[in-house]
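A.B. asks: Okay, here's the structure, questions in a sec.
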Amino acid sequence: MKQATVVVIGGLSGIGRAVAERAAAEGARVIAVGRRAAPPGWPAQIETATLDITDEAAVERFFSELGALDHLVVTSGPVIGSAKLAELDVNAAKEAFDVKVFGQLRAAKQAARYLARTGSITLTSGLLARKAVPGALVKATMNAAIEIMGKTLAKELAPLRVNVVSPGMVETGMWGEMSDEDRQALAAKAGSGLPVGRVGQPADLAQAYWLLMNNGFMTGAVVDVDGGGLL
Ligand SMILES: NC(=O)c1ccc[n+]([C@@H]2O[C@H](COP(=O)([O-])OP(=O)(O)OC[C@H]3O[C@@H](n4cnc5c(N)ncnc54)[C@H](OP(=O)(O)O)[C@@H]3O)[C@@H](O)[C@H]2O)c1
């Protein structure tokens with residue numbers, strides 16, 4: 001990994017940032033990518049780039065300008081609320097799919113030709129892929145699509161390895177804007193219902209992405225990192 005180039009799309013915040021920091025700490029060259037500029041205090045050893053994953057031409061340009069890489073991690077995802085079928089905004093659902101599902105597909109497609117055959121792609125789904133919760137239809141269907149996408153690509157792109165991490169509740173900006181007090185209350189309430197007694201932190205997830213980048217015998221896997229939330 002000391003000589004590896006790792007691209008993390010979604011790497012400027014939350015889970016992706018923890019993956020970028022973990023890979024950089026292990027000595028990899030890391031490029032963290034998102035739509036916004038890097039936040040203040042960004043670690044100097046992690047390169048950044050601006051990219052909207054819904055723009056196929058921009059994704060193609062990004063990988064052709066970068067050239068060879070070893071590992072692609074995609075954690076970019078939309079902020080999307082809950083809605084039951086009767087209230088579902090189908091256009092908002094399409095926009096969410098364009099980021100989370102087609103965005104990961106675009107990234108995999110455009111990166112594949114530059115990725116080392118010994119390298120990996122790690123995509124991101126979510127616990128709702130396999131847990132039916134009323135009001136979570138859009139998240140459930142996006143996440144389920146990504147899990148079978150990972151398995152299909154693992155066969156299509158072999159020997160390149162393709163895996164998926166499925167996070168449970170992880171304390172990040174994905175929870176939306178709220179006061180520190182409300183955030184702590186939400187974390188405590190959600191955590192108390194889990195076997196491990198707490199919600200996840202981005203660093204808990206980074207360990208799984210790190211494992212999937214490094215374990216040459218893992219492909220087509222969906223790794224649940226959810227504190228037992230699926231049980
Ligand atoms: N946190 C949870 O509880 C949880 C649970 C289940 C699954 N997940 C999944 O885990 C992944 C990571 O989420 P997170 O919790 O780390 O949230 P986060 O901090 O909000 O990260 C999402 C990232 O996606 C990027 N992004 C959004 N739209 C983009 C676009 N069009 N192009 C490029 N980048 C884009 C955002 O950066 P910019 O705004 O700069 O573009 C942001 O850095 C997501 O796929 C999410 O669905 C999270």
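The values are calculated or read from the model by the stated rules, or taken from the named source; none is laboratory data. A quick note: this is a predicted structure, and the numbers were derived from the prediction, not measured. Note that each Cβ is placed from the backbone with ideal geometry, even for glycine, and that neighbours are counted across all protein chains shown. With ligands, DNA and RNA removed, areas are computed over all heavy atoms of the protein, side chains included. Shrake-Rupley method; radii C 1.70, N 1.55, O 1.52, S 1.80 Å.
A.B. asks: When the residues of region 1-56 are filtered to those that are of a type in the set (D, E, K, R) and assigned to a strand (DSSP E or B), which remaining residue is farthest from the ligand (Cβ to nearest atom)?
C.D. replies: Per the criteria, the residue is R29.
A.B. asks: Of all residues in region 102-120, which are surrounded by fewer than 21 Cβ atoms within 10 Å (Cβ to Cβ) and either over 15 Å from L157 (Cβ atoms) or hydroxyl-bearing (S, T, Y) (or both)?
C.D. replies: F102, Y114, T118
A.B. asks: Taking the condition within 18 Å of G14 (Cα to Cα) and not in a loop (DSSP other than H, G, I, E, B), does R198 pass? Don't jump to the end; show me each part of the working.
C.D. replies: Numbers: within 18 Å of G14 (Cα to Cα): yes; not in a loop (DSSP other than H, G, I, E, B): no.
Judged against the criteria, R198 is not a match.
A.B. asks: Tell me whether region 123-132 contains one or more residues that are more than 30 Å from N214 (Cβ to Cβ) and assigned to a loop (DSSP other than H, G, I, E, B). Step through it out loud before you land on a result.
C.D. replies: Going through region 123-132, the residues more than 30 Å from N214 (Cβ to Cβ) turn out to be 132.
Imposing the further condition that a residue be assigned to a loop (DSSP other than H, G, I, E, B) reduces the set to 132.
Within region 123-132, one or more residues are more than 30 Å from N214 (Cβ to Cβ) and assigned to a loop (DSSP other than H, G, I, E, B).
A.B. asks: Next question, about the same structure. Here is a list: L123, L160. Which entry is in contact (Cβ under 8 Å) with a residue 40 or more places away in the chain, within 15 Å of the ligand (Cβ to nearest atom), open to solvent by less than 20 Å² (accessible area, probe 1.4 Å) and more than 27 Å from A86 (Cα to Cα)?
C.D. replies: Working: L160 fails: within 15 Å of the ligand (Cβ to nearest atom).
It is L123.
A.B. asks: Here is a list: K189, K155. Which entry is open to solvent by 90 Å² or more (accessible area, probe 1.4 Å) and either under 20 Å from T75 (Cβ atoms) or free of Cβ contacts under 8 Å to residues at least 60 places away in the same chain (or both)? Steps first, please.
C.D. replies: Numbers: K155 fails: either under 20 Å from T75 (Cβ atoms) or free of Cβ contacts under 8 Å to residues at least 60 places away in the same chain (or both).
Just one listed residue meets the conditions, K189.
A.B. asks: A further question follows. When I146 is evaluated against the numbered criteria (1) within 16 Å of the ligand (Cβ to nearest atom); (2) in a strand (DSSP E or B), which criterion, by number, is the only one it fails?
C.D. replies: That leaves (2) as the condition not met.
A.B. asks: Can you name every residue in region 126-143 that is under 30 Å from E65 (Cβ atoms) and either open to solvent by 70 Å² or more (accessible area, probe 1.4 Å) or more than 14 Å from the ligand (Cβ to nearest atom) (or both)?
C.D. replies: Of region 126-143, the ones under 30 Å from E65 (Cβ atoms) are 142.
Matches in region 126-143: none.
A.B. asks: Residue pairs, Cβ under 8 Å, 6 or more apart or interchain, first in region 32-51 and closer than 17 Å to I15 by Cβ, second β-branched (V, I, T) and open to solvent by 80 Å² or more (accessible area, probe 1.4 Å). List them.
C.D. replies: V33/T50; G34/T50; R35/T50; R36/T50
A.B. asks: Can you spot a residue in region 55-66 that is among the aliphatic types (A, V, I, L, M), under 30 Å from K2 (Cα atoms), under 13 Å from the mean Cα position of the chain (by Cα) and open to solvent by less than 30 Å² (accessible area, probe 1.4 Å)?
C.D. replies: Step one: list which residues in region 55-66 are among the aliphatic types (A, V, I, L, M), which gives 57-59, 66.
Those left that are additionally under 30 Å from K2 (Cα atoms): 58-59, 66.
Still in the list and also under 13 Å from the mean Cα position of the chain (by Cα): none.
No, region 55-66 contains no residue that is among the aliphatic types (A, V, I, L, M), under 30 Å from K2 (Cα atoms), under 13 Å from the mean Cα position of the chain (by Cα) and open to solvent by less than 30 Å² (accessible area, probe 1.4 Å).
A.B. asks: Name the single residue, out of those in region 199-221 being of a type in the set (A, V, I, L, M, F, W, C) and open to solvent by less than 40 Å² (accessible area, probe 1.4 Å), that is farthest from the chain's Cα centre (by Cα). Spell out how you get there, then give the answer.
C.D. replies: To start, the set of residues in region 199-221 that are of a type in the set (A, V, I, L, M, F, W, C) comprises 199, 203, 205-206, 208, 210-213, 217-218, 221.
Filter once more, keeping what is open to solvent by less than 40 Å² (accessible area, probe 1.4 Å): 199, 205-206, 208, 210, 212-213, 221.
On the way: V199: 17, L205: 10, A206: 10, A208: 11, W210: 13, L212: 13, M213: 13, A221: 15 Å.
The qualifying residue farthest from the chain's Cα centre (by Cα) is V199.
A.B. asks: Could you check how many residues of region 52-80 are of a type outside the set (A, V, I, L, M), within 22 Å of S166 (Cβ to Cβ) and in contact (Cβ under 8 Å) with a residue 24 or more places away in the chain? Can you show your working first?
C.D. replies: Step one: list which residues in region 52-80 are of a type outside the set (A, V, I, L, M), which gives 52, 54-56, 60-65, 67, 70-71, 75-78.
Applying the additional criterion that residues be within 22 Å of S166 (Cβ to Cβ) yields 71, 75-78.
This time we only want the ones that are in contact (Cβ under 8 Å) with a residue 24 or more places away in the chain, so: 71, 75-77.
Qualifying residue count, region 52-80: 4.
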